[in-house]
1. In this structure, is S43 part of a loop (DSSP other than H, G, I, E, B) and either modelled with pLDDT of 95 or more or surrounded by fewer than 18 Cβ atoms within 10 Å (Cβ to Cβ) (or both)?
2. Across region 104-118, what is the number of residues that are over 23 Å from P83 (Cβ atoms) and surrounded by fewer than 20 Cβ atoms within 10 Å (Cβ to Cβ)?
3. Of these, I102, I92, I120, which one is part of a loop (DSSP other than H, G, I, E, B) and of a type in the set (A, V, I, L, M)?
4. Across region 32-52, what is the number of residues that are among the aliphatic types (A, V, I, L, M) and touching a Pro at 6+ places or on another chain (Cβ under 7 Å)?
5. Scan (1) touching a residue at least 40 places away in the same chain (Cβ under 8 Å); (2) open to solvent by 20 Å² or more (accessible area, probe 1.4 Å); (3) in contact with a Phe, Trp or Tyr (Cβ under 9 Å, 6 or more places away or on another chain) for the single condition G81 breaks and write down its number.
6. Are there any pairs, at least 6 apart or on different chains, whose C-beta atoms fall under 7 Å, with the first in region 154-173 and open to solvent by 10 Å² or more (accessible area, probe 1.4 Å) and the second modelled with pLDDT of 95 or more and not in a loop (DSSP other than H, G, I, E, B), and if so, which?
7. Restricting attention to region 49-68, which residues are more than 14 Å from L30 (Cβ to Cβ), open to solvent by 50 Å² or more (accessible area, probe 1.4 Å) and out of contact with any strand residue (DSSP E or B) (no Cβ under 9 Å at 6 or more places or on another chain)?
Amino acid sequence: MRTAEAGPSPAEHLPGERLRTELALAGRALAAAGLVTAFGHVSARTGDDRLLMTPPVPLGTLTAASPYAELPLDAADLPGGAPREAWIHVEIARVRPGIGAICRAQPPTATALAAAGVPIRPLHGQGAFLGPEVPVLDDAVLVRDRARGRALADRLGDSPALVMRGNGAVTVGANAGEAVALMWVLEAAARMNATAAAAGTPVPLTPAEQQAWRAVAPELLARIWSHLRESS
């Protein structure tokens, strides 16, 4: 499942000023949607071997002039000004060269379902963008070293999303807007799974139905990103 790696305008093709603006918009959209509070970060490729990442500040305060950190993927240590969880982004980018951006947030319902052991499966069309079942990292310790970052990247595999038990979630996309849109879809899918589980026995979409929705994911994710951007 590599839907999130498809789509136009990969992040590494954007000029520096435009990329910083896109990261600022991504941060503000996450904050406006209630997907981050004091914590969270977004990164985007500036080339095959490095990322540009939001600073450790509330994402709703970001502007293009904020102090973004450059992360070389082969660095032994994190540069000054980078969030301590930047290893999440570095290790995902190292093993997933096709993705352009990574989003780290705290979607409340998705986090709660991971704590309850309730899987997030595609019960509606947009939920299919996340794959047959969203993987969960069963380790609530903060990811602040390369080894834990690598373990997270391994658990993510080729999925577009991962929930971290007790610690939020990660999504990946062709660009920052797509990664943010997938985080919004993840929380929407989690709410639907929670409601369906409380009401009865959830029935996921069939494999054929899921595939039909994934075929249009780039188009619909772009529309979701436009909605989130305009709402922030």
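The values are calculated or read from the model by the stated rules, or taken from the named source; none is laboratory data. Predicted model only: the values in this text are computed from it and were never measured. Positions of Cβ are backbone-derived with ideal geometry, glycine not excepted, and every protein chain shown enters the neighbour counts. Areas reflect the complete protein model, heavy atoms only, side chains present, ligands, DNA and RNA absent. Shrake-Rupley method; radii C 1.70, N 1.55, O 1.52, S 1.80 Å.
1. So S43 fails the test.
2. 6
3. The match here is I120.
4. Quick first cut of region 32-52, residues among the aliphatic types (A, V, I, L, M) only: 32-33, 35-36, 38, 42, 44, 51-52.
Now drop any that are not touching a Pro at 6+ places or on another chain (Cβ under 7 Å), which leaves 35, 38.
So the answer is 2.
5. (1)
6. Listed pairs, sorted by first residue: R155/L137; R155/L162; R165/A114; R165/A115; R165/V136; R165/L137; G166/A115.
7. Within region 49-68, T63, A65, P67 meet the criteria.
This table checks each residue for (1) loosely packed, with under 13 Cβ neighbours inside 10 Å; (2) within 30 Å of P202 (Cα to Cα).
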position	(1), (2)
D77	yes, no
I88	no, no
E91	no, no
I102	no, yes
I120	no, yes
L130	no, yes
P135	no, yes
